[in-house]
């Protein structure tokens, strides 16, 4: 986070969302495996879709790391990494949506939401790890 971003964040009392990028099938396998100890949130975003952009923006504004705890947030660009999205659907036995947010724990998708149903507060209390 650069100095300007820090200043603006403090000035407006905003919480900055720090996404981890999901850009390889190996990384997906790693985070699914590690979800036994650290719950994982994946935001699947279509950079060509205005609804996806709106959902992402709203989710980022609502984000509160203190409330969510040790959940690791990952961002997937669906246009660039469609193969990873397909693998997510296959590995976690879920239907592909866009935009879509998934909460993964113990190697399973324990919660997912798509389109206008994506809200940060809906993820509160869902994890047990």
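A short reminder: the numbers here are calculations on the coordinates, not readings from a lab. Given the structure is predicted, the values throughout are model-derived calculations rather than measurements. So basically every Cβ, Gly included, is an ideal-geometry build from the backbone, and we count neighbours across all protein chains shown.
With 10 angstrom as the radius, rank 30, 97 by how many other C-beta atoms surround their C-beta, starting from the fewest.
Result, fewest neighbours first: 30, 97.
State, to one decimal in nm, how far the label point of residue 24 lies from the label point of residue 116, with both points 7 Å from Cα in the Cβ direction.
Simple spin-label model gives 4.0 nm for this pair.
Fewest Cβ neighbours within 10 Å first, please rank 82, 48 accordingly.
Lowest to highest Cβ neighbour count: 48, 82.
Can you give the FRET efficiency for residue 38 and residue 62, using 1/(1 + (r/R0)^6), R0 = 30 Å, r = Cβ-Cβ distance, to the nearest 0.05?
0.90
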